[in-house]
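Everything on this sheet refers to the single structure shown next.
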Amino acid sequence: MCGRFALTATADQTAAFLGVGELHDFPARYNIAPTQPILMALAAPTRPPGSNLPDREALLVRWGLIPSWVKDTRGFPLLINARSEEAATKPSFRTAMRHRRALVPASGFYEWKQSGTGKGQAYWLRPRDGGLVAFAALMEPYSEPGGSEIDTGALLTTSANSAIAHVHHRMPVVIGEKDFARWLDCRTQEPRDVADLMKPADPDFFEAVPVSSLVNKVSNTGPEIQEEVKEQKAVPEQGEPSKDKSGPESSGNKKPGDAQMSLF
């Protein structure tokens, strides 16, 4: 799965990478968590002849997809990830997989390696050559019974490659720049036509950097959470349960309108 990631590039760098129009400036985000707004790029509506507007558009969505058919979000689980192997057939994702495939820009993501019953070791997984990556994603607009509307989304995951499998068995699907257009083209490319893109990244694409437990808390948002530390192999004292559970702090199952749609 992917439950945290970062976007530390500038607005200009991000816009150029995605091939979208100008983006408003936003600060570096070192600890993006579920229910928070995330940036997505989708195919733009058909442009009129002679238009010089880009064929992709950017928007903010709430991280945590809510299918349009959900009546009461209070009892519905937070869908932050979608298994790529099942997205085309699962009721929660199949409509978005057919009509609203998206890209999420990122500088890398975080994952936690389980260590028995002890505290999990956090890792910052970043491109070995630096720069940005684009995670495959799905967007789903949701209308509450009261009439308010919000765009929601999830990241697609696949089996981890051999370099990441020792940390976690799943990883985000990475779409290469040469495949952006094909992935986003929901007019002529059906899910079966882009199935070959939903594969693990090459083993040498990411490097896994052990980091401290600072990343576990969503309130920690500075660059220090990405500083490399010596890998810990913590084991709880005999007879004493671990008080620091593995993995990130939960963001809770918030209502769609709880997250302010701003990158600030």
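Below are the figures for this structure:
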item: Mean shadow area of the range 26-131 over all directions, Cα convex hull, nm²; result: 11.0 nm²
item: Reduced Cα scattering model of the range 118-239, Debye log10 I(q)/I(0), q = 0.13 Å⁻¹; result: -0.73
item: Value at 222 nm in deg cm²/dmol, rounded to 500, when DSSP H runs of n ≥ 4 in the chain each add -39,500 (n - 2.57); result: -1500 deg cm²/dmol
item: Three-way shape label, the range 90-186, alpha-carbon gyration tensor, a/c 1.5; result: oblate
item: Derived scalar couplings ³J(HN,Hα) [the range 42-54; Karplus, 6.51 cos²θ - 1.76 cosθ + 1.60; whole Hz; x for Gly, Pro]; result: 10, 5, 7, x, 4, 7, x, x, x, 5, 9, 6, x
item: Burial ranking of peptide ranges 121-130, 7-16 (average Cβ count within 10 Å, highest at the top); result: 121-130, 7-16
item: Overall dimensions of the chain by Cα: Rg and Dmax, Å; result: 18.5, 72
item: Antiparallel %, DSSP beta bridges [both residues in the chain], to 5; result: 90 percent
item: Cα shape, the range 142-211, gyration tensor, a/c 1.5 rule; result: oblate
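Laboratory data are not the source of any read-out in this text; all were calculated from the coordinates shown. Only a predicted model underlies this, so the values are computations on that prediction, with no experimental measurement involved. Positions of Cβ are generated from backbone atoms using ideal geometry, with glycine treated the same way; all protein chains shown enter the neighbour counts.
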